Amino acid sequence: EVDVCREYVVNPCANPSSFTPDAVIGNNSGTCIELASAIPPDFEPSEKDCFARNSAGMSTLGLLFHNLSLCCTDAVHVCSSFILNPCLNSTSFDPTAETGSP
């Protein structure tokens with residue numbers, strides 16, 4: 001049960017106060033606290049750990065944090081600072097923008 005261990009779940013948000021643990025993700029796919037409980041308890045944000053690839057070549061924590069950004073009121077997760085900035089002018093990068101937006 002996640003509620004029993006709630007205080008031990010890693011906060012996925014860069015700004016800890018922006019975490020909304022009881023928010024429901026997607027079409028009732030679970031709550032943010034349930035999804036965050038998949039983060040290893042000894043996790044420390046770093047480029048290496050945020051985007052480490054598993055044996056199938058997938059960045060499972062990268063995908064997890066992408067989904068967890070929905071759980072942060074400012075949409076900035078702890079791995080956000082390690083994402084490649086594709087903009088020539090780095091200050092114009094908006095990591096919360098959705099594909100297809102101007």
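The values are calculated or read from the model by the stated rules, or taken from the named source; none is laboratory data. Everything quoted here is computed from the prediction, not taken from an experiment. Neighbour counts run over all protein chains shown; Cβ positions are idealised from the backbone, glycine included. Areas reflect the complete protein model, heavy atoms only, side chains present, ligands, DNA and RNA absent. Shrake-Rupley method; radii C 1.70, N 1.55, O 1.52, S 1.80 Å.
Close amide H pairs (under 5 Å, H built 1.01 Å from N) link CYS13 with VAL78, residues at least 5 positions away or on another chain.
For PHE19, PHE51, the ranking by accessible surface with the largest value first comes to PHE51, PHE19, using a 1.4 Å probe. For PHE19, the residues whose modelled amide H falls within less than 5 Å of its own, excluding neighbours fewer than 5 places apart on the same chain, are THR73. 3J(HN,Hα) along the stretch 65-81, derived from phi through the Karplus expression 6.51 cos²θ - 1.76 cosθ + 1.60 where θ = phi - 60°, amounts to 5, 4, 5, 6, 4, 5, 8, 10, 4, 9, 6, 10, 8, 5, 9, 4, 6 Hz, with x in place of Gly and Pro. Protection proxy ranking for 27-33, 12-18, 42-48, 75-81, using the average of other Cβ atoms within 10 Å per residue and placing the highest first: 75-81, 12-18, 27-33, 42-48.
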